[in-house]
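The structure appears right after this line, and notes come after that.
Taken together, the values in this text are just the output of simple stated rules run on the coordinates, not laboratory data. The model shown is predicted, which means the values in this text are computed figures rather than measured ones. Note that each Cβ is placed from the backbone with ideal geometry, even for glycine, and that neighbours are counted across all protein chains shown.
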Amino acid sequence: MNILRRNVLKGAGAASAVSVAMVAGLLKPGTVFAAEWNKAVFESKDLGSVMGSVGGAGAAAGDINVKAPDIAENGAVVPVEITSNIAGTDTIIIIGEKNTQPMLAEFKLSNGAQGYISTRIKMGATSNVRALVKAGGKTYTAAKEVKVTIGGCGG
Amino acid sequence: MAEPMKIRASMSGDTADVKCLMNHPMETGLRKDAKTGAVVPAHHITNVTATVNGATVLDAQWGGGISKNPYLAFKVKGAKKGDKVVVNWVDNTGDKNTAEAAIG
């Protein structure tokens, strides 16, 4: 069952990649390939410079909900759910303020994708999980403190 | 090729809920091996993209701070039952994977 399934998946994947490239190419050239990975920001160990390079913290907004546990027993797996009710939300950035590398992820949303992301992050120490939301060229932010009892970054 | 990833997409009202689970070690490059003390080299997903019927809905960049075997969920308004969702990832070693599902 597995071998067959894999072959089917592989074939389907290759075919879809072609059709994706074609459709995207017709609609919006240049969006086919993901942007180059922003190594400088992701490997930066300085929260200030990360915040600077993603465009600053912006205004605090009550329309952003950062859902995360109050206490995380295992910092290696902290479920985080970010919901932005700001109209026109096009980017969600997740930052772990006390992580060795604070920049965790950036999600660019388009074509009907809602201001919602759910994922699991690593946290090295008790700190704020900060969400930055960009909408209509403006940046908004919200944060939630998570207490970590065992760090997830090699600690 | 990396291990397969799981993907599931379902409609909830006029919005599609897409959930996926990837298989990846997500090494930050900061962790030391407990026995040898040697730094474990970075090996993590850097880019994730998702499309619905060929249109890009999500274009993400990740660092090593996303948990091992990453879980990702997102919502797409305006999608319909039967639409095809494709999720792709690429890691820092150039390894990549793709999965697709029809919205149910």
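A few points about this structure:
- Across the alpha-carbon set of the range A:77-155, the Rg to Rh ratio works out to 1.00, Rh being the Kirkwood radius.
- Note on A:ALA59 and A:LYS138: the extension gain reaches 27.6 nm, defined as 0.36 nm multiplied by sequence separation minus the Cα-Cα distance.
- Top of B:ALA34, B:ALA73, B:ALA16 by mean-square fluctuation, Gaussian network on chain B, Cα under 10 Å: B:ALA34
- GNM on chain B, alpha-carbon springs under 10 angstrom: the most fluctuating residue among B:VAL48, B:VAL90, B:VAL40 is B:VAL40.
- Shown is the FRET efficiency for B:LYS6 and A:GLU73, computed with R0 = 30 Å from the Cβ-Cβ distance and rounded to the nearest 0.05: 0.75.
- Reported to the nearest whole Å, the Cα centre-to-centre distance from the range B:38-52 to the range A:87-155 is 16.
- A viscosity of 0.692 mPa s and a temperature of 37 °C, combined with the Kirkwood radius over Cα pairs in Stokes-Einstein, give a translational diffusion coefficient for the range B:42-97 of 267 µm²/s.
- Relative pair counts by distance (%), Cα atoms of the range B:6-102, 10 Å bins: 16, 43, 25, 11, 5, 0
- Over 23 Å apart at the Cα level, from the set A:LYS45/B:LYS32; A:LYS122/A:LYS147; A:LYS67/B:LYS84, are A:LYS67/B:LYS84.
- Distances between placed amide hydrogens fall under 5 Å for B:THR28 paired with B:HIS43, all partners being 5 or more residues away or on another chain.
- Full extension of the chain between A:ILE86 and A:SER110 yields a length gain of 7.2 nm, computed as 0.36 nm times the residue separation minus the alpha carbon distance.
- Lys/Arg +1, Asp/Glu -1 at C-beta; chain B dipole; positive extreme among B:VAL57, B:ALA38, B:LEU72: B:LEU72
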